[in-house]
1. Please sort by residue number the trypsin sites (Lys or Arg not before Pro) in the stretch A:408-499 whose DSSP state is loop and whose Cβ has at most 14 other Cβ atoms within 10 Å.
2. Does the protein assembly as shown come out rounded, prolate or oblate by the C-alpha gyration tensor, with a ≥ b ≥ c the root eigenvalues, rounded set by a/c under 1.5 and, if not, prolate when a/b is larger than b/c and oblate if not?
3. Need one number: nm distance between label points at B:Glu102 and A:Asp389, each 7 Å from Cα along Cα→Cβ, rounded to one decimal.
4. Over chain A, what is the percentage of antiparallel beta bridges among all DSSP beta bridges, to the nearest 5?
5. Please report the net charge: other residues with Cβ closer than 10 Å to the Cβ of B:Ile129, K and R +1, D and E -1.
6. Calculate the spin-label point distance for A:Arg141 paired with A:Ser260, positioning each point 7 Å from the Cα along the beta-carbon direction, and give it in nanometres.
7. Please give me the summed charge of the neighbours of B:Asn375: other residues whose Cβ is under 14 Å from its Cβ, Lys and Arg +1, Asp and Glu -1.
8. Express as a percent, rounded to the nearest 5, the fraction of DSSP beta bridges in the stretch A:425-496 (both residues included) that run antiparallel.
There are 2 protein chains.
Amino acid sequence: MAKQRTAITPTREENYPEWYQQVVKAADLAEVSPVRGCMVIKPWGYAIWEGMQKDLDRRFKDTGHVNAYFPLFIPKSFLEKEAEHVDGFAKECAVVTHHRLEEGPDGGLVPAGELEEPLVVRPTSETIIGAMFSKWIQSYRDLPILVNQWANVVRWELRTRMFLRTTEFLWQEGHTAHATEKDARDETMQMLDVYRDFAESVMAVPVVQGRKTEGERFPGAVDTFTIEAMMQDRKALQAGTSHFLGQNFAKAQDISYQTSEGDIEHCWTTSRGVSTRLVGALIMTHSDDDGLIVPPALAPQQIVILPVLRKNADPEPVIAYCRELAAELKQIRWQDERLRVQVDERDLRGGEKTWQHIKKGVPIRLEIGPRDMENHSVFMGRRDLSPKDKSGVPRDEFVAQVGELLQEIQDGLLARAKAYRDAATVTLSSKEDFAAYFAAGQPGGFAWCFAADDPSYEPFLKSLKVTARCIPLDNNDALGDCIFTGAAGQQKILFAKSY
Amino acid sequence: MAKQRTAITPTREENYPEWYQQVVKAADLAEVSPVRGCMVIKPWGYAIWEGMQKDLDRRFKDTGHVNAYFPLFIPKSFLEKEAEHVDGFAKECAVVTHHRLEEGPDGGLVPAGELEEPLVVRPTSETIIGAMFSKWIQSYRDLPILVNQWANVVRWELRTRMFLRTTEFLWQEGHTAHATEKDARDETMQMLDVYRDFAESVMAVPVVQGRKTEGERFPGAVDTFTIEAMMQDRKALQAGTSHFLGQNFAKAQDISYQTSEGDIEHCWTTSRGVSTRLVGALIMTHSDDDGLIVPPALAPQQIVILPVLRKNADPEPVIAYCRELAAELKQIRWQDERLRVQVDERDLRGGEKTWQHIKKGVPIRLEIGPRDMENHSVFMGRRDLSPKDKSGVPRDEFVAQVGELLQEIQDGLLARAKAYRDAATVTLSSKEDFAAYFAAGQPGGFAWCFAADDPSYEPFLKSLKVTARCIPLDNNDALGDCIFTGAAGQQKILFAKSY
């Protein structure tokens, strides 16, 4: 059988990393910039991020969080306050040392105005926000403080990949302070669950919720919780983290309060974040060899209407008909928002136009020509089905059922991703099976194994390029002997190769 | 007569700059951060900025612009491409020279990993966005490109003041490329008018639209247009600018396209921006000696309901009644958005609570106690009126008319600001009158004068601490002799002291 032509070359099977780059390009999501490690997020990619922001921001506000904004720069001495924290970030931070450029000896501009204390471009904001918390919090009446910041952060990465790992990226970071350990732990788990629900119901990305092992914790955290998703190369991607910081930062930065009894206590703090990395997760979960697939809840355009124009015929009646349909559709609400509908009136060959929208992942395409007008029907293509799988639908039936259809597509993408992940998930009960499962050349996947949270077998994991992703929170009550160390009474840990 | 007590000390009349800082503090809008020149935008201040963003973003999208995101860092060589541009920004930019911190000889961390080419933290993004335009634009079919970015920028300021002038600030920057001069000029003016309409109808800040004189232009622009507002100390504040860049950046960065005839031409580009400075403009236009006044269109809470609780009485019925009213009000739409209503249930003295909301500028306060419940009425205070000017209103009448009332407050604030400005605006016809009007100790204000766009009399302006704000676009057809140089046939220029 002849190989089927695809819009993306290479296919996922041929070369997954290169396929990813080609989808990013074909869907016009982003491109490399002239600044090392930084990307330009193009309008279609940015609109997907805006959709994520809008939904997450509502969830944060619904759980009592308020937005604020803190400085981009962090004085070096602040970063140094928490020992593990600075160890984690000092190796990869952009350092501002001067505050102007002036003409140098050879005529070019050189840095001048050296700063007394270097400033670091924030890699994360625990220390600068903690310094403010320390000022803002006096009494138990001031607690809890629940703030969120939408911002850019910089971590100097050597190997970068668009959306997944870039020197500068966009994210939200939540920071909270509480009177008790319980309150802070509850917040940590509540927000992890907000991330989980967002990933599943909006991104249609199924995730495993779990606690990070000791070696994978956020620098300075007591506990880091994560949501882990499986990409189509069976690797794991950490999609969001929620940290219980205990009193580590509170002690380092003197964030304390007076209790109702008049005692002075340190606060308990948390932090958490998701970033533009989620766009990478979205791409790698749903897309296929014809390009991007965007779940309807995040699609910048949910429906594109393509007028089919005959040569030498007056295009106006068809275009007017399409605009009228678009206007009607835009009045419909799905998931509490008006439908996002575009009529593509550009003067381009029909095939080229159609394929652009396929590659960009628009959930529903409607082709409408003079004959469809006469028949009161639309010719519909769904991005979650094959490009060839198109069918005529009565126009009014389509309008009446479009909300259901979008929900069907949304749910279908989640179910498909879940089925893919579950088929590539195993339980392994020996070190030998583990080595065989993750051996080079094997497809690998997710492996659940009884294992100790213990760094002693990390070299073994490293030799297989595998990491402990998390100690899952759900369906993880059984205890057994660690398959690596033999230690008794261990929970299962989820292992995988990862991004 | 005894001096009336005010919530803000000093009053505007006593010490305007200090009054401003005290309003920022009393309304909990922002505070200085431990990072030189950078502020922390607190939740109430940030929510006002979010309101501005939301409205502006819709206006940008309605005029065909799309959001994208470009790198924070600009290579030094990019900034150097346009000569005037680099001159304008090199003196005040944060320079990144290293990409990690490592342990130094005395044990502390020192910058390490020196960059081959220093990076500048963007003071504005013409050069990095231009570099991308140069790649993206091949043919006339690619034009126009209309992008917008919401971002942080850094300009190293020596004297900073919250919102008005800070080292880091938040803004939007629009950047466009066009095939013809006319298209680029039309875009420049269209977006200036978007700013004007936003300032007037949303911020309730009246503005003068005009062209900047030569000395006040954006570095690298052919023409800069501005909207200028008057603050309550009669000084001007530049609230937004829209730049026609001609082909300056297109030539410096080779942004060119093939015409439909096959010729290669340089593009015509524009840029523009408004920033968190608008929050400063808002404060200084409307606020009074009791604190902030926020126009309803931008108020994070438009209505606060204050349950009036009697000692030793069950608070539940009153609180339930207030919540029910809030729920009903939240269903009402005004200016296409649901009303933003809060019930302040905190356990605080009534007077303290009320004054907090006055200082924060909430447009409408409703006090509701057991007697009001019985009478089916609410006790209403309006922030645009005196704190003492409160009145009982039937509950259902209030609900039925709340939209009209908010509009009345919104329009009233604009009318009041306009009346203030017009009363402090004069036309002057001699250099002597000019010197007298702006003499130290005089109130000053806006002065329209026939004047040449000519740097020769700048030293005279400087001696009075006055600047040319703009050559107004409207009501400026008459020509006359320059009051400074005597040159004939000149338009009027608007002069003022300024921020």
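Throughout, read-outs are computed from the coordinates displayed, never taken from laboratory work. Being a predicted model, the structure only gives us computed values, none of them experimental. Note: ideal-geometry Cβ built from the backbone for every residue, glycine included; neighbour counts use all protein chains shown.
1. Numbers: sites: A:Arg416, A:Lys418, A:Arg421, A:Lys431, A:Lys462, A:Lys465, A:Arg469, A:Lys492, A:Lys497; in loops: A:Lys465, A:Lys497.
Sites meeting the loop and neighbour criteria: A:Lys465.
2. On the way: a/c = 1.41, a/b = 1.24, b/c = 1.14.
Because its axes are fairly even, with a/c under 1.5, the protein assembly as shown counts as rounded.
3. Taking the two extended label points, one gets 5.6 nm.
4. Values: 73 of 88 bridges.
Counting only bridges with both partners in chain A, antiparallel ones make up about 85 percent.
5. Numbers: positive: B:Arg122; negative: B:Glu126, B:Glu173.
The answer is -1.
6. A separation of 1.3 nm, rounded to one decimal place.
7. Once all neighbours under 14 Å are counted, the net charge is -3.
8. Details: 8 of 11 bridges.
Around 75 percent antiparallel, to the nearest 5.
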